[in-house]
Amino acid sequence: MRFTDELWADTATIRTAIDELPFLRRLADGTLHRDIFRHYLGQDWLYLRDYATALAQLAVQAPDGSATSFFALAAHGANEEAERLHATHVADPDRVVKSPVCQAYTDFLLATGLRAGYAVQAAAVLPCFWIYTDVGQRLWEQAGQHPDHPYADWLAAYGDPVFAEQTDRARALVDQAAAAATPTIREQMRAAHRTASRYEWMFWDAPMRQENWPV
């Protein structure tokens, strides 16, 4: 069994909880309220900017040129997606403030790179690749059952095979890092992957409440 297969099995309960979130169920059937969707996209825009920085950190720390190239290109892609969101869905960016969950998630990813190093950070960024691919592809398949789905254009991005290919490459790099790591580092990789998966649940749970700072 690959190390990443172990990570996937370890987060099975979290991923089941993600599938049951009202936000994703309503997004899938097209009944999600537009204001909730806009709130989510604003947070996703802010998240992607920091996620790109975390990927750039990995590019700098990567053990070889192939890994450096992958994470550098992934960082560029995350920045491009953030700019696309800014241009098409975030009408007033000065009014968008990171929610508590978005702040905590991005702080976790960036701090992991500074504190724990390449292997652990690679495991921490993997859920954003992998869970988004898994959930997104199923969302796109379900949206296809609704000819007038209001979010079809946005969900179509998850049907892109390039997205799945990036996930496969990210998995391979995490497997490679685990193979070279000590048992202690591998346990840290497991913990980081589990924490990031929990943040994925929290990130998709927050829009239904349009989460913001209470004071």
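The values are calculated or read from the model by the stated rules, or taken from the named source; none is laboratory data. Values in this document were obtained by computation on a predicted structure and should not be read as measured data. Because the Cβ atoms are built from the backbone with ideal geometry, glycine has one as well, and the counts that use them run over all protein chains shown.
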Open item on the list: Looking at residue 86 and the list (1) closer than 30 Å to residue 145 by Cβ; (2) at pLDDT below 95; (3) not β-branched (Val, Ile, Thr), which single condition is not satisfied?
Closed with: (1)
- [ ] Determine, yes or no, whether residue 38 is in contact (Cβ under 8 Å) with a residue 12 or more places away in the chain, out of contact with any strand residue (DSSP E or B) (no Cβ under 7 Å at 6 or more places or on another chain), loosely packed, with under 13 Cβ neighbours inside 10 Å and not aliphatic (A, V, I, L, M).
- [x] no
- [ ] For residues that are within 12 Å of residue 51 (Cβ to Cβ) and within 14 Å of the chain's Cα centre (by Cα), tally how many sit in segment 108-125.
- [x] 6
Task: Set 143, 157, 170, 164: member being touching a His at 6+ places or on another chain (Cβ under 9 Å) and either free of Cβ contacts under 8 Å to residues at least 60 places away in the same chain or small (Gly, Ala, Ser) (or both) - done: 143
TODO: Answer with yes or no whether residue 53 is more than 29 Å from residue 143 (Cα to Cα) and in contact with a Leu (Cβ under 8 Å, 6 or more places away or on another chain).
DONE: yes
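When you check residue 52 against the structure, is it among the small types (Gly, Ala, Ser) and at pLDDT 90 or above, yes or no? Outline the logic, then answer.
Working: among the small types (Gly, Ala, Ser): yes; at pLDDT 90 or above: yes.
Considered against the rule, which asks whether it is among the small types (Gly, Ala, Ser) and at pLDDT 90 or above, residue 52 comes out as yes.
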- [ ] Residues that are surrounded by 15 or more Cβ atoms within 10 Å (Cβ to Cβ) and modelled with pLDDT of 90 or more: find the helices (runs of 4 or more DSSP H) completely inside segment 144-215 holding 2 or more of those.
- [x] 161-180, 183-205
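Whether any residue in segment 39-58 is farther than 22 Å from residue 205 by Cβ and among the β-branched types (Val, Ile, Thr) is what I want to check. Even if it seems obvious, please write down each step before you answer.
First pass over segment 39-58, keeping only residues farther than 22 Å from residue 205 by Cβ: 52-53, 55-58.
Now restrict to residues that are among the β-branched types (Val, Ile, Thr): 53.
Yes; the residues of segment 39-58 include at least one that is farther than 22 Å from residue 205 by Cβ and among the β-branched types (Val, Ile, Thr).
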